[in-house]
Structure formats: C-alpha cells, structure tokens
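See structure below.
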Amino acid sequence: MKILVILSALLAVASPYVYSKCELARTLRRNGLDGYRGYTLADWVCLAQYESTYDTEAIGRNRRGGVIVSSDYGIFQINSYWWCDDHQTRNTHNGCGRNCNDFLDRDITNDIECAKTVVRDPQGMNAWYGWKNNCKNRDLSRFLAECNL
C-alpha cells in the first residue's frame, strides 16, 4: 500500500498539466514576473497562451527543409538551440544551463527562471514569435480581466 501511495504522489508531480490563465497569472506574479524587465503580467500570460496554450508538457518542433533543427519545451516553449539542452539539437548554447525535459512538468519554477534569462537578452520577449506576433503592442487586458488579482 505504501508503494502505491508513493507512486501516486510521483505521478501527480510528474504528470502533464494545463493551467487556467488566472491560475497561471497568480503563479507568475508570486514568482516575480509582473513588471519583470518592463513586461506586464498580461504579457506573460499572453505569451503562454500563444506558445503552449498553458500546457506544461507542450513540445514544438522547428524544421528547416523537413529536418528538425531545434525544439521548444514547456509552458514558455524554451528553445533547445539557445536556452536548454535536449541532447538532440546540434551546437546548443544552453543559456539557462538546463536539460529541456526539466521544462515539461507541473512545477514551472525552473521555466520561470529560464524565461527571466531569456528576457534579459537584448531581444527580450521578441525571442518568442507567439508574443511578437500576437501580444506585442496590443491591448492585453482581456488576459487578466476575470482573474481578480
């Protein structure tokens, strides 16, 4: 019986999870992203919406000529060429010093720390096409309107 309880606990921690936008907003605010480097909480929630639809287990493949050249991981779609190591992408820079699989669980603390590293880069949030094409210079109030923050 003890083993079953332990296995259940491990599965709960390791299982995929899709945040609601308000739950994500609260988590991001608790972890210092509201106003971080000049980006609002709504910027971060919009980014997660368009990159992963709030899915902690999202993986996106980037292809060139039909060949996968890098992949994006987790709720913020952290890129394997620039920010993490997936042991498949050639010549990775691994700017966050993490294994890409670290970004595929319910605990997004390490995702948040890496996202902070990404926005400290001169590109800022422009590093994410989801933000650049859907959130930048737009009214994002709808992302937090019903959240009672």
- [ ] For VAL69, list long-range residues whose amide hydrogen, built 1.01 Å from N in the peptide plane, is under 5 Å from its own amide hydrogen.
- [x] ASN62, ARG63, ARG64
Task: Cβ-defined net charge surrounding GLY32, 15 Å radius [Lys, Arg +1; Asp, Glu -1] - done: +2
- [ ] Filter the chymotrypsin sites (Phe, Trp or Tyr not before Pro) in region 59-149 to those in DSSP coil with at most 10 other Cβ atoms within 10 Å of their Cβ, and list the result.
- [x] none
TODO: Using R₀ = 30 Å, calculate the FRET efficiency as 1/(1 + (r/R₀)^6) where r is the Cβ-Cβ separation of SER20 and ASP139; round to 0.05.
DONE: 0.90
TODO: Starting from the amide H of ASP85, placed 1.01 Å from N in the peptide plane, find each other amide H under 5 Å away whose residue is 5 or more places distant or on another chain.
DONE: ARG98, ASN99, CYS100
Open item on the list: Along the charge dipole of the chain, pointing to its positive end and built from +1/-1 on Cβ of Lys, Arg, Asp and Glu, which listed residue (THR109, GLY124, GLY32) has its Cα farthest out?
Closed with: GLY124
TODO: Pop out the ³J(HN,Hα) list for region 104-117 in order, Karplus 6.51 cos²θ - 1.76 cosθ + 1.60 with θ = phi - 60°, rounded to Hz; leave Gly and Pro as x.
DONE: 10, 10, 5, 7, 9, 4, 5, 4, 5, 4, 5, 4, 4, 5
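Per-residue ellipticity at 222 nm for the chain, helices alone: DSSP H runs ≥ 4 residues times -39500 (n - 2.57), over residue total, nearest 500 deg cm²/dmol?
So the calculated ellipticity at 222 nm is -10500 deg cm²/dmol.
Please give the contour-minus-distance gain from VAL69 to ARG120: 0.36 nm per residue of separation, less the Cα-Cα distance, rounded to one decimal in nm.
16.0 nm
Read the figures in this text as sums done on the coordinates, not as results from a lab. From a predicted model like this one, the values you see are computed outputs, not experimental measurements. Cβ coordinates were reconstructed from backbone atoms using ideal geometry, including for glycine residues, and neighbour counts include every protein chain displayed.
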